[in-house]
1. Across the range 356-371, what is the number of residues that are over 17 Å from residue 290 (Cβ atoms) and loosely packed, with under 14 Cβ neighbours inside 10 Å?
2. Please return the ranges of helices (runs of 4 or more DSSP H) entirely within the range 81-186 where 3 or more residues are under 20 Å from residue 228 (Cα atoms) and not acidic (Asp, Glu).
3. Restricting the search to the range 297-339, which residues are polar (S, T, N, Q) and either open to solvent by less than 20 Å² (accessible area, probe 1.4 Å) or part of a helix (DSSP H, G or I) (or both)?
4. Does residue 198 fit the bill of being modelled with pLDDT under 85, open to solvent by less than 40 Å² (accessible area, probe 1.4 Å) and part of a helix (DSSP H, G or I)?
5. Of the residues that sit in the range 146-194 and are charged (D, E, K, R) and at pLDDT below 75, which one is surrounded by the most Cβ atoms within 10 Å (Cβ to Cβ)?
6. Within the bounds of the range 209-223, is there any residue that is in contact with a His (Cβ under 9 Å, 6 or more places away or on another chain), within 30 Å of residue 267 (Cα to Cα) and either part of a loop (DSSP other than H, G, I, E, B) or not polar (S, T, N, Q) (or both)?
Amino acid sequence: MKDRLPLVRSVKSCIVGTLLIALPFFFFLLPGQRELLGPLPAMYASMLILFLLPAALCLAAMVCGTLAAALGLAAAFASIALLTGEPGLTLTVVYVLPVMITFLLIIFYQIPFRKSCPAMIGVHVAALAAAYALAQRMAGGSFYIAAGNAVADFLGNWEMGDMMLYQLYSSGLIGLKNEVTENVLLQVPGGYQLSAAARADMLLSVRSMVTEALQSLIPSLIVSQSVLGGVACLLLPLRFGFLAEEKRAFLREGPGELTEDGKQKINFPTLEMPPFSLWHIPRGIGWQVGTALAAGYVLRLSKAPVLNIAGVLLYTAASSVFMVQGAAAVNFLQKSRGARRLWRVIVPLLLMTIRVLTVIGIFDQISNFRGLRKPPEPKEDF
């Protein structure tokens, strides 16, 4: 186990890794944060945990050592417990611990990438679904309504709430009844404030907006975060962990034995993961994913709630798979043109924000411009 999951890979990397994970969470605990921003620090910490913490912990375990991952995890648990209390800590434990335990078992038992990657995605689905079910139970079976009420209560009591509500109203995100649109702002000493009728109506609109948004967002978020998070929890640790170990081996021993492709041979669990630029969906599976994408697109237009949710889940899952393939195709093009490693990270992230990677992934699946899928063998004539 020491060779595969050492406690400390290097003292410097262990210290740096621990600080990089812990400091963002400790920032939210600074004096005055909760008094000034109310529940916003807790919300930001929760977003860090949902989107970044599992991948960051897996990355720390492979680059810095398991001690850095453990200390970073303890910092996240401590901060979320202080910010949200027992409910937030329980949800964090339910989500993060299964992912970390699965990752450590994969590395310890050297489970090949073709099996471990689907396993990581499945664990993400199970952990997020369990956390969602637990949140529903904590909210008395009405999580969406409770979240809408919490946001409205915060804006109603926050000293900057009137300004935020007016910004939402001005941008068209929330509306007002016709009878109160003429008396939205009242002049008071030192400035303006919302009228009581306008504030009450805006807060009601905020409740409805948040409730409806979460009803459509959370199911798709569970699926997309499971696919992208599961991939990230293996791709980033294995890739950057190998690079870090290769550099340490060179500094420690100098040029050593080389592999067949000319790289330095080191003792690091790669799990037989292919280069990211060569990731692709096999032809047969690609047709299935494409069918799911098309079916999901049609079903999510249905007015029947069950069919609509099924369509959202299918469409999100398929588009997330094609998004990963699109990122691999972009990486392939960048490597073929000699792009620097930093740009091979930045460009796919930028394309992800404008939802272009899914289109690129679909185009790559259809055109096979990387030449990774063998054409079907012609049938012999008898």
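The values are calculated or read from the model by the stated rules, or taken from the named source; none is laboratory data. The structure displayed is predicted, hence computed values, not measured ones. Ideal geometry is used to build each Cβ from the backbone, glycine not excepted, and the neighbour counts take in all protein chains shown. These accessible areas exclude ligands, DNA and RNA; they are computed on the full protein's heavy atoms, side chains included. Shrake-Rupley method; radii C 1.70, N 1.55, O 1.52, S 1.80 Å.
1. To start, the set of residues in the range 356-371 that are over 17 Å from residue 290 (Cβ atoms) comprises 356, 370-371.
After this cut, where a residue has to be loosely packed, with under 14 Cβ neighbours inside 10 Å as well, the list is 371.
The total comes to 1.
2. Details: elements: 86-109, 113-138, 143-157, 161-170.
Once the helices (runs of 4 or more DSSP H) in the range 81-186 are filtered for at least 3 residues that are under 20 Å from residue 228 (Cα atoms) and not acidic (Asp, Glu), what remains is 86-109, 113-138.
3. At the first step, the residues of the range 297-339 found to be polar (S, T, N, Q) are 302, 308, 316, 319-320, 325, 331, 334, 336.
Those that are polar (S, T, N, Q) and either open to solvent by less than 20 Å² (accessible area, probe 1.4 Å) or part of a helix (DSSP H, G or I) (or both): 308, 316, 319, 320, 325, 331, 334, 336.
4. Working: modelled with pLDDT under 85: yes; open to solvent by less than 40 Å² (accessible area, probe 1.4 Å): yes; part of a helix (DSSP H, G or I): yes.
Yes; evaluated as a whole, the condition is true for this residue.
5. Let us first name the residues in the range 146-194 that are charged (D, E, K, R), namely 153, 159, 162, 177, 179, 182.
Restricting the remaining residues to those that are at pLDDT below 75 gives 177, 179, 182.
Numbers: 177: 11, 179: 9, 182: 9.
In this case the residue turns out to be 177.
6. So in the range 209-223, the residues in contact with a His (Cβ under 9 Å, 6 or more places away or on another chain) come out as 222.
If we keep only those that are within 30 Å of residue 267 (Cα to Cα) too, we end up with none.
Scanning the range 209-223 turns up no residue that is in contact with a His (Cβ under 9 Å, 6 or more places away or on another chain), within 30 Å of residue 267 (Cα to Cα) and either part of a loop (DSSP other than H, G, I, E, B) or not polar (S, T, N, Q) (or both).
Matching residues to (1) β-branched (Val, Ile, Thr); (2) over 20 Å from the mean Cα position of the chain (by Cα):
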| position | (1), (2) |
| --- | --- |
| 67 | no, yes |
| 77 | no, no |
| 82 | no, yes |
| 87 | no, yes |
| 91 | no, no |
| 94 | yes, no |
| 98 | no, no |
| 104 | no, no |
| 108 | no, yes |
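A quick yes/no check of all residues on (1) touching a Cys at 6+ places or on another chain (Cβ under 6 Å); (2) over 22 Å from residue 164 (Cβ atoms); (3) open to solvent by 50 Å² or more (accessible area, probe 1.4 Å); (4) of a type outside the set (D, E, K, R):
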{"site": "10", "(1), (2), (3), (4)": "no, yes, no, yes"}
{"site": "28", "(1), (2), (3), (4)": "no, no, no, yes"}
{"site": "39", "(1), (2), (3), (4)": "no, no, yes, yes"}
{"site": "47", "(1), (2), (3), (4)": "no, no, yes, yes"}
{"site": "51", "(1), (2), (3), (4)": "no, yes, yes, yes"}
{"site": "55", "(1), (2), (3), (4)": "yes, yes, no, yes"}
{"site": "74", "(1), (2), (3), (4)": "no, yes, yes, yes"}
{"site": "86", "(1), (2), (3), (4)": "no, yes, yes, no"}
{"site": "89", "(1), (2), (3), (4)": "no, yes, yes, yes"}
